[in-house]
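Chemist: My structure is below; once you've seen it, I'll send some questions.
The values are calculated or read from the model by the stated rules, or taken from the named source; none is laboratory data. Bear in mind that the values here come from a model prediction, so they are computed numbers and not experimental data. Note: ideal-geometry Cβ built from the backbone for every residue, glycine included; neighbour counts use all protein chains shown. For accessibility, only protein heavy atoms count, side chains too; no ligands or nucleic acids. Shrake-Rupley method; radii C 1.70, N 1.55, O 1.52, S 1.80 Å.
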Amino acid sequence: MSETVDLILQTAEKLFSQHCNKELINQAENGQFADDLWQEIEDTGLLLAGVPEHYDGIGGDIADFFRLLELAGKHCIPLPLAETYIARLALHEAGIDIPDGPLSFAKAGTTIPFGRFVSGIVLWSEQELRYLPKSDHPIVEGYSYAGEADDKIELDQNDGILLTTRHTIEWWQGLGALSRSSLMSGALGFMLDSSINYALERQQFGRPIAKFQAIQQQLAVLAGQYSQARQATRVAAMNISSKNFLHSVAVAKSVSGEAAGIGSEIAHQVLGAMGFTYEHDLHHRSRRLWSWRDQWGNETQWNIYLGKQLASADPDELWALLTA
């Protein structure tokens, strides 16, 4: 990891720790946009990580931003960071001026994350990308499992501006799915740390429950699930410029989705009744894991994709595809 990336991550960790707490997350789930936190992130330049310098970014690799998203998932940042970053990148490539404020990036025909708060939306379909500037389209407000704004907008098929970019439509799909894998990886890391700390503090029969083999086994499984999700996600991010990018994303999203189910189950079992209370912050992560798991394709959909890729591969290329 370069010194620049290390500095970005240190800055993000400090900023997120200081400005994102349970109160802020609960306010976001009650329909308030975290304007102050958004402005802090903009002023710090975190959304410029990995953006090429000719797009007024700070350079580096796009993969750098996905490391930042892991921290966003860890802290449950209630803002469209991933959506804004990807949408701005698409607009840069298409030569369209970037509007002020947050943006959203979503599949056509699905709900729009933070739709009521954004200044524009980039819509992805299997055929094209379209940009919809902030308009008078009626918005039906809704919420995701996480309690975050997840709205519906009535659109005609040809609404918006057709975007022409240098990347394939599959590449943009990969960025959407990878963003969710990165967020899930960060949330799983929080769950692991929280479960270990609680198990070391909670006393039962005169000793910490972390001393019981059954708890140790559960924590080991959780650690393994987190490690798999994190590693698969970082490998996919490293392959952003590779012809095997979507294959790597499929693995990452599948592994992370499975880990989200297993990991949240174990964390709630370890913390017991405490983890189910609204006052505890575990539910903020578990509900977001369930939400991110379904967005941009769940593990079943991506496993079907992988199966089709393997079934259609030339026998001589199968090993290379498996180890890509």
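Per-residue answers, yes or no, for (1) buried (at least 19 other Cβ atoms within 10 Å of the Cβ); (2) farther than 16 Å from Y85 by Cβ:
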residue: N21; (1), (2): no, yes
residue: E29; (1), (2): no, yes
residue: D35; (1), (2): no, yes
residue: Y55; (1), (2): no, no
residue: I62; (1), (2): yes, no
residue: F65; (1), (2): yes, no
residue: G73; (1), (2): yes, no
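Chemist: In the stretch 28-42, what count of residues is obtained for those that are assigned to a helix (DSSP H, G or I) and modelled with pLDDT under 95?
Modeler: Residues meeting the conditions: 2.
Chemist: Is there any pair linking a residue in the stretch 306-324 that is more than 21 Å from Q231 (Cα to Cα) to one that is modelled with pLDDT of 85 or more and surrounded by 10 or more Cβ atoms within 10 Å (Cβ to Cβ), with Cβ under 8 Å and at least six apart or on different chains, and which?
Modeler: Going by the 8 Å Cβ cut-off, the qualifying pairs are Q309/H247; Q309/A250; L318/L310.
Chemist: Just to be sure before I move on: is G59 in contact with an Asp or Glu (Cβ under 6 Å, 6 or more places away or on another chain) and either at negative phi or modelled with pLDDT under 95 (or both) in the structure I sent?
Modeler: On the way: in contact with an Asp or Glu (Cβ under 6 Å, 6 or more places away or on another chain): yes; either at negative phi or modelled with pLDDT under 95 (or both): yes.
It is true that G59 is in contact with an Asp or Glu (Cβ under 6 Å, 6 or more places away or on another chain) and either at negative phi or modelled with pLDDT under 95 (or both).
Chemist: With the stretch 219-324 as the region, which helices (runs of 4 or more DSSP H) entirely inside it contain at least 1 residues that are open to solvent by less than 30 Å² (accessible area, probe 1.4 Å) and aromatic (F, W, Y)?
Modeler: Counting at least 1 such residues, we get 245-271, 282-294, 299-312.
Chemist: Do we have G115 as buried (at least 16 other Cβ atoms within 10 Å of the Cβ), modelled with pLDDT under 95 and at positive phi here?
Modeler: For G115, the condition - buried (at least 16 other Cβ atoms within 10 Å of the Cβ), modelled with pLDDT under 95 and at positive phi - is not met.
Chemist: For the stretch 126-148, name all the residues that are in contact (Cβ under 8 Å) with a residue 24 or more places away in the chain and either farther than 11 Å from G160 by Cα or in contact with a His (Cβ under 9 Å, 6 or more places away or on another chain) (or both).
Modeler: E126, Q127, E128, I139, E141, G142, Y143, S144, Y145, A146, G147, E148
Chemist: Report yes if A90 is open to solvent by less than 10 Å² (accessible area, probe 1.4 Å), within 23 Å of G297 (Cα to Cα), assigned to a helix (DSSP H, G or I) and in contact with a His (Cβ under 9 Å, 6 or more places away or on another chain), otherwise no.
Modeler: yes
Chemist: Now for a separate question. Between A267, A324, which is farther than 30 Å from G109 by Cα and modelled with pLDDT of 95 or more? It would help to see each step written out before you state the result.
Modeler: Numbers: A324 fails: modelled with pLDDT of 95 or more.
Sole residue among the options that is farther than 30 Å from G109 by Cα and modelled with pLDDT of 95 or more: A267.
Conditions tested, residue by residue: (1) touching a strand residue (DSSP E or B) at 6+ places or on another chain (Cβ under 7 Å); (2) hydrophobic (A, V, I, L, M, F, W, C); (3) under 18 Å from L69 (Cα atoms).
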residue	(1), (2), (3)
A220	no, yes, no
Y226	no, no, yes
A252	no, yes, yes
G257	no, no, yes
V270	no, yes, no
R285	no, no, yes
W292	no, yes, yes
Q309	no, no, no
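Chemist: Kindly indicate whether A236 is modelled with pLDDT under 95, in contact with a Leu (Cβ under 6 Å, 6 or more places away or on another chain) and either β-branched (V, I, T) or not assigned by the TED database to the domain that holds A34 (or both).
Modeler: On the way: modelled with pLDDT under 95: no; in contact with a Leu (Cβ under 6 Å, 6 or more places away or on another chain): yes; either β-branched (V, I, T) or not assigned by the TED database to the domain that holds A34 (or both): yes.
No: the conditions fail for A236.
Chemist: Looking at this structure, is L47 buried (at least 23 other Cβ atoms within 10 Å of the Cβ), touching a residue at least 12 places away in the same chain (Cβ under 8 Å), part of a helix (DSSP H, G or I) and not assigned by the TED database to the domain that holds F117?
Modeler: Judged against the criteria, L47 is not a match.
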